[in-house]
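*Asks:* Before anything else, here's the structure in question.
The values are calculated or read from the model by the stated rules, or taken from the named source; none is laboratory data. Please read these numbers as outputs of a predicted model, since none were measured by experiment. No Cβ is skipped: glycine too gets one built from the backbone with ideal geometry, and neighbour counts run over all protein chains shown. Just the protein is used for accessible areas: all its heavy atoms, side chains included, with ligands, DNA and RNA removed. Shrake-Rupley method; radii C 1.70, N 1.55, O 1.52, S 1.80 Å.
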Amino acid sequence: MRALFIAALLHAVTADFTMSVGFTDDMVLQMEPEMSSIYGDAPLSSSQIEVSVNDGKSVVETVAATVFADSTWKATLKPKPMGGSYLITATCKSGCTGLNSTTSVLNLQRVTFGNVYFCSGQSNMALSIHYTFEIPEKTTEVLSGKYSNIRTFMYGSMGGAMPSYTPRYTTQVGHTNWYNISYSATIPEPTSGGHIQLNPFHTFSATCLNFGFALTDLLEKEGKPVPPMGLIQSAIGGTRIEQWIDNSTFASCKNGTPAYSSNLYYGMVAPFINTTVKGFLWYQGENNCGEVMGNSMTKVGYGCYQVAIVD
């Protein structure tokens, strides 16, 4: 208990003023009618933080963030229409300068509003589009400007897990960038040691991207507006369903494997809990095949966990 208290105290006085992982230039925030949030860490629970939204002509919204007792902060924005290219600025008005923080102003450039989807699971979700049969066709289409509405953010990789056994609702672990795929597909892919260093388009989840392609095609076919689409990939190969649920959900079903419980939920889902999304994609199951499949009615095994992860 004393160690936990000291750890919490150290966080309260040494954290930088930051936005959490997932907040970068070129990102997609959820559009109306939903509200979206910006959040991160502050040096002190008494820090005062303000977030402004500029549409390129003027500031259209300014909101005071809530700073919590654990020195995390969150600012909730009013619903925004589809599209746009915004500058979002978070300013620490007090309680930052002179402490551990190296800056009091954080900027997000070229932010747009659209529909955001969270793609998670094991290897079938983590498999890169580079390894699929349609990659030559899709690369040509993307380079021609098709699917320019799609932007991606990849958190972790096939074997690059970032587990945690305590919730990480804000973090800088695994921080990467958002990309518009029209740009990421043009990034050179050098060869090193006989291996191609794939660009962010070719490394992204085939399942998640093909969902984005199919939804874009459907909206165009039906003559409906095609919003910007933000795809977040947080998937790790060779993982079990117990790893992707929190402790209370794990405890709600019988015959689970405690050694695996919750470590990817707390490490790779929790950082996005405060991110507003349109929907979720889940693709997992093989690593639970060598056991009783279970039953949701009797709250046993995978059958129970699969229902619980949706609920």
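*Asks:* Here are some residues: Thr170, Thr166, Thr191, Thr176. Which one is open to solvent by 60 Å² or more (accessible area, probe 1.4 Å) and in contact (Cβ under 8 Å) with a residue 40 or more places away in the chain?
*Replies:* Thr166
*Asks:* Something else: Give the range 29-66 a look and list any residue that's farther than 22 Å from Phe153 by Cα and crowded, with 22+ Cβ neighbours inside 10 Å, or say none.
*Replies:* Ala42, Pro43, Ser47, Ile49, Val51, Ala65
*Asks:* Count, please, the residues in the range 273-292 that happen to be under 21 Å from Ser123 (Cβ atoms), open to solvent by 20 Å² or more (accessible area, probe 1.4 Å) and of a type outside the set (S, T, N, Q).
*Replies:* Summing the residues that are under 21 Å from Ser123 (Cβ atoms), open to solvent by 20 Å² or more (accessible area, probe 1.4 Å) and of a type outside the set (S, T, N, Q) in the range 273-292 gives 8.
*Asks:* Something else now. Any residue at all in the range 113-135 that's of a type in the set (D, E, K, R), surrounded by fewer than 16 Cβ atoms within 10 Å (Cβ to Cβ) and touching an Asp or Glu at 6+ places or on another chain (Cβ under 9 Å)?
*Replies:* No: zero hits.
*Asks:* Related question: Mind counting the residues in the range 135-163 that are touching a residue at least 60 places away in the same chain (Cβ under 8 Å), of a type in the set (S, T, N, Q) and more than 22 Å from Pro271 (Cβ to Cβ)?
*Replies:* Adding up the residues that qualify gives 2.
*Asks:* Considering the range 258-289 alone, what residues qualify as being outside any loop (DSSP other than H, G, I, E, B) and either among the β-branched types (Val, Ile, Thr) or over 30 Å from Ser36 (Cβ atoms) (or both)? Working first, answer last.
*Replies:* We begin by selecting, within the range 258-289, every residue outside any loop (DSSP other than H, G, I, E, B); these are 258-260, 263-272, 279-283, 286-288.
Matches in the range 258-289: Pro258, Ala259, Tyr260, Val269, Glu286, Asn287, Asn288.
*Asks:* Then there is this: From the list Ile245, Ile273, exactly one residue is aliphatic (A, V, I, L, M) and touching a helix residue (DSSP H, G or I) at 6+ places or on another chain (Cβ under 9 Å). Which is it?
*Replies:* Step by step, each of Ile245, Ile273 is checked, and only Ile245 is aliphatic (A, V, I, L, M) and touching a helix residue (DSSP H, G or I) at 6+ places or on another chain (Cβ under 9 Å).
*Asks:* Let me ask something else about it. Restricting attention to the range 293-302, and to residues there that are crowded, with 16+ Cβ neighbours inside 10 Å and outside any loop (DSSP other than H, G, I, E, B), which single residue is farthest from the chain's Cα centre (by Cα)? Let's see the steps before the verdict.
*Replies:* Filtering the range 293-302 down to residues crowded, with 16+ Cβ neighbours inside 10 Å leaves 294, 296, 299-302.
Next, only the ones that are outside any loop (DSSP other than H, G, I, E, B) stay: 300-302.
Working: Val300: 30, Gly301: 28, Tyr302: 25 Å.
So the residue we want is Val300.
*Asks:* Would you check if there is a residue in the range 249-257 being open to solvent by 70 Å² or more (accessible area, probe 1.4 Å), small (Gly, Ala, Ser), assigned to a helix (DSSP H, G or I) and out of contact with any Ser or Thr (no Cβ under 8 Å at 6 or more places or on another chain)?
*Replies:* Yes, that holds for at least one residue.
*Asks:* Could I ask something else about it? Among the candidates Leu77, Leu10, Leu87, which residue alone is within 25 Å of Asn180 (Cα to Cα) and either open to solvent by 60 Å² or more (accessible area, probe 1.4 Å) or at pLDDT below 95 (or both)?
*Replies:* Leu87
*Asks:* Here are the criteria: (1) under 22 Å from Phe204 (Cβ atoms); (2) basic (Lys, Arg); (3) surrounded by fewer than 23 Cβ atoms within 10 Å (Cβ to Cβ). Tell me which single one Arg151 does not satisfy.
*Replies:* Against the list (1) under 22 Å from Phe204 (Cβ atoms); (2) basic (Lys, Arg); (3) surrounded by fewer than 23 Cβ atoms within 10 Å (Cβ to Cβ), Arg151 comes up short only on (3).
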